[in-house]
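Below is one structure, written out as structure tokens, with a few remarks after it.
The values are calculated or read from the model by the stated rules, or taken from the named source; none is laboratory data. Because the structure is a prediction, the values reported are computed rather than measured. Because the Cβ atoms are built from the backbone with ideal geometry, glycine has one as well, and the counts that use them run over all protein chains shown. Ligands, DNA and RNA are excluded from the accessible area calculation, which covers all protein heavy atoms including side chains. Shrake-Rupley method; radii C 1.70, N 1.55, O 1.52, S 1.80 Å.
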Amino acid sequence: MRNVDRKPVLPILLLLLALITPARAGEPSPAPAGVFDFAARTVRLNSGHDMPVLGLGTWTLSNDQAETSVYAALKSGMRLIDTARYYQCEKGVGRGLRRAIADGIVTREEVFITSKVMPSDYDRALQGIHESLSDLGVDYVDLMLIHQPGWNDEAVYRALEQAVAEGTVRSIGISNYYTRAQLDEVLSYANIVPAVIQNENHLYYQNTDLQEYARQYGIVIEAWYPFGGRGHTAEHFGDPVIAAIAERHGKTPAQVILRWQLQSGVIAIPGSSNPAHIAENADIFDFELTEEEMARIHALDRQERYESW
Ligand SMILES: NC(=O)c1ccc[n+]([C@@H]2O[C@H](COP(=O)([O-])OP(=O)(O)OC[C@H]3O[C@@H](n4cnc5c(N)ncnc54)[C@H](OP(=O)(O)O)[C@@H]3O)[C@@H](O)[C@H]2O)c1
């Protein structure tokens, strides 16, 4: 992509390419790239792979908690698991996955696993990726992200592209890149356009500007801290707008927030160590927010981020 004008031509070509990429054998044909298919509960990425739109986050979980939560998530119907080398729970994630496979709940191919290259591995990114695979006990991950901008992002991105070429990673993306300029920088050296940008994103920090910009490239935004993260959940769940909408639908505030994320075209990965919470979070496909409710939730945005990395 170096030297390519970033205005309309390339994104349109990429979207056309994604549109004509055939679905993998045995899978239902989903909506076009970047459009959420609520029946299949997936989105077609610009890489041609399908990604579940709702999953489990594993930050702060111990290996034992990750094992329990991953198993509970898969049992509840979730098919997306988000982890990272930095979280030090990839072994637990792998154990939960293997237990669910052994119990006949899922096959490996039905589960979408995301991990991330951590900053301390940025000068040995490919090795770091292989170590993630080893700890997870898998021979590929579905999505690998650069965890956050660093001093040698281009080299890390090359390693991600190399991993795609060698078949150990299926789609690649970036995390904690918040501005158009930061995305432009990545696009200036990317040979493979990122499929996903995973960022802090919640009621009070929606960053719709980046969403709109990224959409031109068929890039999907994924929300971390969908509930504001540990320490802010009470404020998010207790927001009067959310509480009123939840009561109207007979759903919980957590379910309304997740449903809003998905209807906004944003993938959500709520973190939890509690199987009852995980089952609740998975149960958001039997109701729909109205346009008026979506607008009221969008109006809560106050561009307030909790973290600065
Ligand atoms: N790329 C990055 O830099 C980055 C940074 C942060 C996070 N992430 C990813 O994003 C995921 C989500 O973020 P997060 O886990 O930090 O924060 P979060 O999902 O916003 O909130 C997690 C908190 O919500 C609670 N919770 C979950 N479901 C609930 C429910 N139904 N009812 C009541 N409470 C509920 C959890 O408690 P219980 O455990 O008791 O359920 C936990 O305290 C992470 O796990 C991680 O995978 C990525």
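Carbon-plus-sulfur accessible fraction, the chain (probe radius 1.4 Å, protein heavy atoms only): 53%.
Can you give the accessible area per residue of the range 184-309, in Å², using a 1.4 Å probe? Don't jump to the answer; show the numbers that get you there.
On the way: 4840 Å² over 126 residues.
That works out to 38 Å² per residue.
When the chain is treated as a Gaussian network with alpha carbon springs shorter than 10 Å, the biggest mean-square fluctuation among Ser47, Ser272, Ser188 belongs to Ser188. Compared with the direct C-alpha span, the chain from Phe38 to Ala234 gains 67.8 nm at full extension, assuming 0.36 nm per residue.
If you bin all the Cα-Cα distances of the range 227-301 at 10 Å, starting from zero, the percentages per bin are 19, 59, 21, 1. Full extension of the segment from Ala279 to Gln127, taken as 0.36 nm per residue of separation minus the current Cα-Cα distance, would add 51.2 nm. How much of the DSSP bridge set in the chain is antiparallel, in percent, rounded to the nearest 5? For the chain, the DSSP antiparallel bridge percentage is about 20.
So for each of 135-142, 54-61 I average, over its residues, the number of other beta carbons within 10 Å; can you give me the resulting order with the highest mean first?
On the way: 135-142: 18.8, 54-61: 23.4.
Ranked from most to least packed, the peptides come out as 54-61, 135-142.
Ignoring aspartates and glutamates fewer than eight residues from Lys251 along the same chain, the ones with Cα atoms less than 18 angstrom from its Cα are Glu235, Asp239, Glu280, Asp283, Asp286, Glu288, Glu291, Glu292, Glu293. Using only Cα coordinates, the Kirkwood hydrodynamic radius of the chain works out to 19.5 Å. Here the dipole of the chain is about 300 debye; that uses its Cα centre as origin and unit charges on the Cβ of Lys and Arg (positive) and Asp and Glu (negative). For the range 70-145, a Kirkwood hydrodynamic radius built from all Cα pairs, placed in the Stokes-Einstein relation at 20 °C and 1.002 mPa s, yields a translational diffusion coefficient of 173 µm²/s.
Per-residue packing, averaged as other Cβ atoms within 10 Å, sorts the ranges 84-90, 240-246, 221-227 into the order 221-227, 84-90, 240-246, beginning with the highest.
Determine the per residue accessible area of the range 35-165 with all protein chains present and a 1.4 angstrom probe, expressed in square angstrom.
Working: 4900 Å² over 131 residues.
Per-residue accessible area for the range 35-165 comes out at 37 Å².
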